[in-house]
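Data block below; observations after.
Quick note: the coordinates plus some simple rules give every number you see, no bench work behind them. Remember, it's a predicted structure, so these values are computed and weren't measured experimentally. Methodologically, a virtual Cβ is constructed for each residue, glycine included, from the backbone with ideal geometry; neighbour enumeration extends over all protein chains shown.
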Amino acid sequence: MSDVDERVYQDQLCILEEAEKGFEIGIIGTGVGFNSILELVRKTELQEFFPKLNLVGIVQPQKSEPKLRQAVKLGVKVYDTYQEMLKAHSEINLVIELTDQQHLIRKLRQDLPVNISIIDHSGAAFLCGLLIMAEVSDKCRLDLFQQQAILTALFDQIQDDILLLDTRGKILDVNQSVVKKMGKSKQQLLGLSCWQLFSEIAPSSGCDLKSPDCPFRKALKKEKPAESLQTWVDKHGRAHYYRIYAYPVFNEQGKLTKVVEMRRDITHRTEMEKRLHQSEKLAAIGELSTYMAHEIRNPLFAIGGFANSLLRSSNLDEGSLEKVRIILQESKRLDNILKNIINFSKPTSSEKSEINVNRIVMDILQLFRLSCEEQQIRTETEINHGLALAKGDPELIKQCLINLIKNSIEAMPHGGVLTLSTSMEDDFIMIKVSDTGRGIPKDIREKVFNPFFSTKKGEGSGLGLAMTKKIIEDMGGRLELFSQEKKGTTVVLYLPPSLALDAGQEPS
């Protein structure tokens, strides 16, 4: 250590020692600055910034001076001369002179020992300045605490996930939404990277700093706000949608130092938009399908009629008759397809009655028991025997379950487990159909409810799931699908209970 550094170090030690000991103060006179010094002594909170100030004695021959009242209340002794005060208080190490008498100041400097410091009338202005600074500091601190409380309340009350990140993607702060979602304390989350944090709950989200669609990376690179849509599938096979926003934060020099990232769960909104889009699509498809079906069925009826006539003719050889049979067979198949299209495009008409869903599930399962045994599919049931009756059309419910079970069986060509369960959830009767088949690939999961979309490569019309969803929704219920590739698919039907019958209708 150099001599200069050594002297600075020793000075710092001395200052710290004095600050630690504090000042035992004696005041001579009650001139300008007296009240300010009393206020400094009374403000114990100032010890955070200044050494401890303790007023032990005051010299004022005129005991009737009004300014002394406050000091006497504090327990300070009043003396006629400074000699009496120093004799009574040997601990005094600071004397403040407020009489502005120059001869007295010169005498004090001659008489006082070296261990007692002196602040004259002019130097007392510095103490008054300290009080003003302390008052301004108190006001600033109060304003700061109020603003901090408001910002913290806003920060934590926002339901979206908010993260404050440094330029490396490390977490500097998070709001309570993130803390609750992760189930950890805020201190455990600080220092983690944002993609590391959310990979724990959304491993399939693809959140990665190296991804070109990463909003944090785009905001960092372009120094502008960025956003992206992130999709991930949870462990139950349900799709979740998040809109990610990233906002760059600049310092006073205009340098990007931090990034605020906001993650908004738009799953519910996205599903509602899809339902609206699906309804609009179905309405358009329905109008077009009805028109085309009727126009095609007219000439098809004529073709079928002539084919029947030719089939009864004795003038055709066996080869020609076979061709006519094919024409008639294909005409009937085409007519069935047109009937399905017409049925799909028109509103579902059903007689709403009370349904014992447990009985329907067991009846339908019995129909498919032989098919399941042939494909080495094990069937399991989880029936809630205390289940309330549902409201709807039992025949249409059977049609929906047949569509779902057929799909499950086709998804397990090499065997598996088919599970049907019933329960009550969210004031709805729930029927769940689960399989352990190949699952639905992520890229087509959103298309499976589209009319005429099929994965069966030419087999089937692609109306099964679309029609099932339409039937359930027309009954006042809803349908949810969960699927994971190579793990299986679950479709849940929610039906309103019979207690929800229209006003005035008596339940059977």
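A few comments on the model shown:
- Over 31 Å (Cα to Cα) - which of Lys63/Lys107; Lys352/Lys442; Lys186/Lys274; Lys339/Lys398 fall in this group: Lys352/Lys442; Lys186/Lys274
- For peptides 309-315, 440-446, 51-57, sequence by mean Cβ density within 10 Å, most packed first: 51-57, 440-446, 309-315
- Positive-end extreme of charge dipole, region 353-500 - chosen from Ala390, Ile355, Phe368 (charges on Cβ): Phe368
- Within-11-Å neighbourhood charge of Ala124 [Cβ basis; K, R +1; D, E -1]: -3
- Legend: ranking of residues Val72, Val357 from fewest to most surrounding C-beta atoms inside 10 Å; resulting order Val72, Val357.
- For region 25-159, a crude dipole built from +1 on the beta carbon of Lys and Arg and -1 on the beta carbon of Asp and Glu, taken about the Cα centre, is about 380 debye to the nearest 20.
- Here the extension length gained between Asn336 and Lys222 equals 35.2 nm, from 0.36 nm per residue of separation less the Cα-Cα distance.
- Remark: Glu135, Glu227 ranked as Glu135, Glu227, counting other beta-carbon atoms within 10 Å and listing the fewest first.
- The 3J(HN,Hα) values that the Karplus relation (6.51, -1.76, 1.60; θ = phi - 60°) gives for region 434-442 are, in residue order, 10, 9, 10, x, 6, x, 9, x, 4 Hz. Gly and Pro appear as x.
- Of the peptides 465-477, 104-116, 364-376, 424-436, the ranking by mean beta-carbon count within 10 Å, highest at the top, reads 465-477, 424-436, 364-376, 104-116.
- Under the Karplus curve 6.51 cos²θ - 1.76 cosθ + 1.60, θ = phi - 60°, whole-Hz ³J(HN,Hα) for region 165-177, x wherever Gly or Pro sits: 10, 7, 6, 9, x, 7, 7, 9, 6, 9, 8, 5, 4
- Scoring 394-401, 25-32, 177-184 by mean Cβ neighbours within 10 Å over their residues and listing the highest first yields 25-32, 394-401, 177-184.
- On the beta carbon distance between Asn54 and Gln176, with R0 = 51 Å, the FRET formula returns roughly 0.70.
- Ordered by the count of other Cβ atoms within 10 Å of each Cβ, fewest first, Asp335, Asp363, Asp317 give Asp317, Asp363, Asp335.
- Note on Thr152 and Asn115: with the Förster distance fixed at 41 Å, the Cβ-Cβ geometry gives a FRET efficiency of about 0.25.
- Here r is the Cβ-Cβ distance between Glu374 and Glu395 and R0 is 35 Å; the resulting FRET efficiency, rounded to 0.05, is 0.85.
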